[in-house]
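> Let me give you the structure first, and then I'll get to my questions.
The values are calculated or read from the model by the stated rules, or taken from the named source; none is laboratory data. Note that this is a predicted model, so its numbers are computed, not measured. All Cβ positions, even for glycine, are placed from backbone atoms using ideal geometry, and neighbour counts span all protein chains on display.
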Amino acid sequence: ATAGVDEEGDGQEHASPKWDSLKVSRHSTSLNPSTLGRPTLLTSGSSIASTLHTPSLSLVHACPQLTCRGQCPEEVWPEHWGLTLSQCKELMEECLRDPAWRRTNTIHTLVEDYVKPRTRGTGLGYALLRNKAAPLEVSVMVSHTWAENAEDFFQTLERTVEPEEVLFICALSLCQNDDGAGPTIAQQLGTLPSESPFKRVLDHILQRGSEVGWRWRWRFWLRFVPNGCLVVALFLYYFIMGRVHCIPTFADQCAWGTLRGSPQALATMYIGELCIAPPWDWHYGPLYGVYRPLQYVALALLLVWVALLLTRERWLGSFRGRMVAVPNHQCDLYARLWCVYEIFVATSEGVPVELARTLAPAGRCRSSMAMCSSGDDVARIRREIEAWAHSMTGIMRRGSPSVLTAAISSVLRATRKPPSKSSGSSESAESVAYTTVDAVIGIVTRRAHRSVLYSLLGCVVPFSMLSMAIPKGNYISSEQLFASAVCTGIQNVIGSGV
């Protein structure tokens, strides 16, 4: 509102506003003191974005960051406070070149000692400072804690996101310097949840995903389709080998081999050189029965797998908008109230949530015990969570078909304490509110565990089927089965390398 206005009386317009001279009255609305400390309950048709919290007597609207293009400042809102993975790596490399950098430094240390000095006096966050000429549109929101190791954090992101994706990272996207050159943290967050940076980013991702359509919403499951075709193709092909004790050749023939060598060598066919490069004499015979069409089904599925990989961007879509939650070894991700609330809102809004690829455990969510450093933020988030429970109760009464709603409905039924409008049910309503949050977080965690399980099966199942394909073998002999599993596994690794 003050950008480009002659505030100093020199007859000229100034490129940047004087943030320290802004008065609260320009951005605030008086509220009734009697409403303090009480959430405004949502109706069944309201969204979580409309929850009203009243932590103080004034309602401060969220402010954008300003970049100067020519003579006129331009407002840039959180959905364009993004930076790429390569820019994150460049920042980390600059820190590593500093002799004062310690490998135990946390995100908090990174911001205090490296981000703030670089952005001081600019009125911008690090992300917008790097891209002020052309702000980047955010496609991935990152939820993390400030107490985690900085190097581990960026290494985890490198394993999780693609190079072309644009990230919103609170520590790097918000203007962290309260030096009067730009908006303060409080001014960027605002007091309305619908105006907070992370809510705007989630809404933007949801809007972009809605434009893509069903492929974006079902991307988590669609990405397993190509590997599913490959696993079924391998299963069918090696099933034939195991049943008829020969190798299909796709020419209506089947090949089986006999090892050349002395009886002593044949007795140890799965040991030493014979395992790496066995000398086979091949013989051929007809392939009968149902096994002939099965080999062509396996070949067709293999071709489908290749076609799906080559056209992946076309049928799956290039937009992968989502939230990435980053667990760490230093502190429990679910013990931080902001992280819990961000994941909760993202899932409630329909934005996919993915746990980052790390061995660090996410822990078990107990939202009623989660905390954050600001007491005002704690009160604000807890009021919104409790108000959301009343809203969700109304939605479930209308019979929404949402999977999330069904899951939360089952949790509410399990508590046997549905929210009541009577004055004496405040404790029950609070309990149900936090139980629903824990249920949502549990869905996200179980989905991540299933993703890891599917990835492991994709590696283990083909290996196991290769090991079972023993030409002229004896499946009952445990010694031969174990030796052939090891031997065929070695051949599988060599073949994969080739």
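> Which one is surrounded by the most Cβ atoms within 10 Å (Cβ to Cβ), of the residues in region 167-192 that are more than 19 Å from PRO135 (Cβ to Cβ) and among the small types (Gly, Ala, Ser)?
Only one residue tops the list, namely GLY190.
> Of all residues in region 239-249, which are crowded, with 20+ Cβ neighbours inside 10 Å and either outside any strand (DSSP E or B) or small (Gly, Ala, Ser) (or both)?
Those that are crowded, with 20+ Cβ neighbours inside 10 Å and either outside any strand (DSSP E or B) or small (Gly, Ala, Ser) (or both): ILE240, MET241, CYS246.
> Right, next: Exactly one condition in (1) surrounded by 13 or more Cβ atoms within 10 Å (Cβ to Cβ); (2) farther than 30 Å from GLU349 by Cβ; (3) touching a Phe, Trp or Tyr at 6+ places or on another chain (Cβ under 9 Å) is not met by GLY317; state its number.
(2)
> OK, next. Would you be able to say whether some residue in region 174-193 is under 14 Å from GLY321 (Cα atoms) and not assigned by TED's automatic domain parsing to the domain that holds TYR291? If you could, list the steps in order and put the result at the bottom.
We begin by selecting, within region 174-193, every residue under 14 Å from GLY321 (Cα atoms); these are none.
Taking every residue of region 174-193 in turn, none turns out to be under 14 Å from GLY321 (Cα atoms) and not assigned by TED's automatic domain parsing to the domain that holds TYR291.
> Given the condition surrounded by 14 or more Cβ atoms within 10 Å (Cβ to Cβ), modelled with pLDDT under 80 and out of contact with any strand residue (DSSP E or B) (no Cβ under 9 Å at 6 or more places or on another chain), answer yes or no: does some residue in region 271-287 qualify?
Checking region 271-287: at least one residue is surrounded by 14 or more Cβ atoms within 10 Å (Cβ to Cβ), modelled with pLDDT under 80 and out of contact with any strand residue (DSSP E or B) (no Cβ under 9 Å at 6 or more places or on another chain).
> Let me ask another. Looking at region 122-166, which of the residues that are under 23 Å from GLN207 (Cα atoms), hydrophobic (A, V, I, L, M, F, W, C) and surrounded by fewer than 23 Cβ atoms within 10 Å (Cβ to Cβ) is nearest to the chain's Cα centre (by Cα)?
VAL166
> Next question. Given the criteria in contact with a Lys or Arg (Cβ under 6 Å, 6 or more places away or on another chain) and over 30 Å from TYR296 (Cα atoms), does ASN149 qualify?
Values: in contact with a Lys or Arg (Cβ under 6 Å, 6 or more places away or on another chain): no; over 30 Å from TYR296 (Cα atoms): yes.
No; evaluated as a whole, the condition is false for this residue.
> Out of the helices (runs of 4 or more DSSP H) lying entirely within region 54-142, which hold 1 or more residues that are in contact with a Leu (Cβ under 7 Å, 6 or more places away or on another chain), among the hydrophobic types (A, V, I, L, M, F, W, C) and in contact (Cβ under 8 Å) with a residue 60 or more places away in the chain?
By residue number, 85-97.
Results for (1) farther than 30 Å from VAL297 by Cα; (2) assigned to a loop (DSSP other than H, G, I, E, B); (3) of a type in the set (Asp, Glu), shown as yes or no for each residue.
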residue	(1), (2), (3)
PHE154	yes, no, no
GLU164	yes, yes, yes
ALA171	yes, no, no
CYS175	yes, yes, no
GLY182	yes, yes, no
LYS199	yes, no, no
GLN207	yes, no, no
PHE220	no, no, no
